[in-house]
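**Student:** Right, I'll just put the structure down here and ask away after.
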Amino acid sequence: MADPVDPIIKFTTPGGGTFDLCSPNVDGFCTMTLVNGAGGNTTIGADGFANFAVKNVQDPASFLSVDSIDFTFQTDNLFQPFSAFTNAFTDAFLQRNFGEGCLISGELGCVLPNPQGTLEVKYSGIAKPADPGSASLDAIPCFLSEGCPTAVGFVPFSSIDVTVHYVVSHLDPDCCVGIQPGVEATLSITSDVPEPSTFVLLFGAAGVLAIKRRLRRT
């Protein structure tokens, strides 16, 4: 069996603005949905991965910085391992939200949950000095002979729910100061599986070493 793909959700500054973030209410919160195709932008690509950016469009004179942002992604395979990283916040959080029903039920209840559902990815915390936030979830073993989920990443072209919180912040740019007014942050979802070109390089290097050893022997 091949090693499971590990979707890595990276949220980093600086970035190139794609989606403008919503403006806060009196409590500093706002919610929005990133819709695929809005403004010609893509949320999740056909391969289940993504690369887009969000922008804090608040007036720089307001000093309103994003101190937490929560993304909810739709997926058909919550059994995947997941990891998250950010250089803009001090904390990263991951939570699986399983769909209704179970693949397998037992006397004690659900033995193997429904792999369809959502993954919540939250980045929060601003401070200086600080270390970048990260988090991970291990894969969930599927012991079925058939019927285990095989989808990779997230549902292509699906919408993404976002909850944003703002605070007044006068921190100078550096890790980890959230998303300051006028700043863009990139969210990229990639795989840790090596690219085919990487395998070519590895195999090529191995071939060269084998030839060198053979020449030494002769």
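A short reminder: the numbers here are calculations on the coordinates, not readings from a lab. Quick caveat, the model's predicted, so the values are computed rather than measured. Here the Cβ positions follow ideal geometry from the backbone for every residue, glycine too, while neighbour counts run over all protein chains shown.
**Student:** Can you sort Glu100, Glu184 from fewest to most other Cβ atoms within 10 Å of each residue's own Cβ? Walk me through the intermediate numbers first.
**Tutor:** Numbers: Glu100 8, Glu184 19.
Exposure proxy ranking, most exposed first: Glu100, Glu184.
**Student:** List residues of region 145-163, by number, whose backbone nitrogen lies under 15 Å from a label position 7 Å along Cα→C-beta of Phe98.
**Tutor:** Zone members listed by number: 148-149.
**Student:** How do His170, His165 line up, fewest other C-beta atoms within 10 Å first? Intermediate results must be reported in sequence, preceding the final value.
**Tutor:** On the way: His170 8, His165 17.
In order of increasing Cβ crowding within 10 Å: His170, His165.
**Student:** Using the Cα centre of region 7-217 as the reference point, and only Cβ charges (+1 on K/R, -1 on D/E), how large is the resulting charge dipole? Debye, rounded to the nearest 20. Walk me through the intermediate numbers first.
**Tutor:** Details: 10 positive and 20 negative charges, 285 e Å.
For region 7-217, the charge dipole is close to 1360 debye.
**Student:** In terms of the Cα gyration tensor, with a ≥ b ≥ c the square roots of its eigenvalues, is region 17-107 rounded because a/c is under 1.5, prolate because a/b exceeds b/c, or oblate?
**Tutor:** Note, shape of region 17-107 comes out prolate.
**Student:** Against the longest principal axis of the chain, how steep is helix 196-217, in degrees 0 to 90 to the nearest 10, with axes from Cα atoms?
**Tutor:** Compared with the principal axis, the helix lies near 40 degrees.
**Student:** Among the chymotrypsin sites (Phe, Trp or Tyr not before Pro) in region 99-182, which ones are in a DSSP loop with at most 12 other Cβ atoms within 10 Å of the Cβ? Mind listing them?
**Tutor:** When the chymotrypsin sites (Phe, Trp or Tyr not before Pro) of region 99-182 are filtered for loop state and at most 12 Cβ neighbours within 10 Å, Phe143 remain.
**Student:** Quick check on the exposure proxy: order Cys102, Cys176 from fewest to most C-beta atoms within 10 angstrom.
**Tutor:** On the way: Cys102 14, Cys176 24.
Arranged by neighbour count, lowest to highest, Cys102, Cys176 become Cys102, Cys176.
**Student:** Enter the mean projected area of the convex hull around the alpha-carbon atoms of region 40-91, in nm², rounded to one decimal. List each step's numbers first, then the result.
**Tutor:** Details: hull surface 22.0 nm².
Across all orientations, region 40-91 yields a mean hull projection of 5.5 nm².
**Student:** Which shape class applies to region 12-51: rounded if a/c is under 1.5, otherwise prolate when a/b exceeds b/c and oblate if not, where a ≥ b ≥ c are the square roots of the Cα gyration tensor eigenvalues? Numbers along the way, then the final one.
**Tutor:** Values: a/c = 2.39, a/b = 1.81, b/c = 1.32.
Since a/c reaches 1.5 and a/b is larger than b/c, the shape of region 12-51 is classed as prolate.
**Student:** Counting only other residues whose beta carbon sits under 15 Å from that of Thr33, what net charge do I get with K and R as +1, D and E as -1?
**Tutor:** Working: positive: none; negative: Asp20, Asp70, Glu120, Asp161.
With Lys, Arg at +1 and Asp, Glu at -1, the neighbours total -4.
**Student:** Where a ≥ b ≥ c are the square roots of the eigenvalues of the C-alpha gyration tensor, would you call the chain rounded, which needs a/c under 1.5, or, failing that, prolate if a/b is larger than b/c, or oblate?
**Tutor:** Because a/c hits 1.5 or more and a/b fails to exceed b/c, the chain counts as oblate.
**Student:** Add +1 for every Lys or Arg and -1 for every Asp or Glu among the other residues with Cβ under 14 Å from the Cβ of Phe89, and state the total.
**Tutor:** Numbers: positive: Lys10, Lys122, Lys128; negative: Asp67, Asp70, Asp91, Asp131, Asp174.
Taking every other residue near Phe89 into account, the sum is -2.
**Student:** Taking only DSSP H segments of four or more residues, each worth -39500 (n - 2.57), what value at 222 nm results for the chain once the sum is divided by all its residues, to the nearest 500 deg cm²/dmol?
**Tutor:** Details: 1 runs with 22 residues, N = 218.
That calculation yields -3500 deg cm²/dmol at 222 nm.
**Student:** Take Asn41, project a point 7 Å from its Cα along the Cβ direction, then tell me which residues of region 162-191 have their backbone nitrogen under 20 Å from it.
**Tutor:** Zone members listed by number: 162-167, 178-190.
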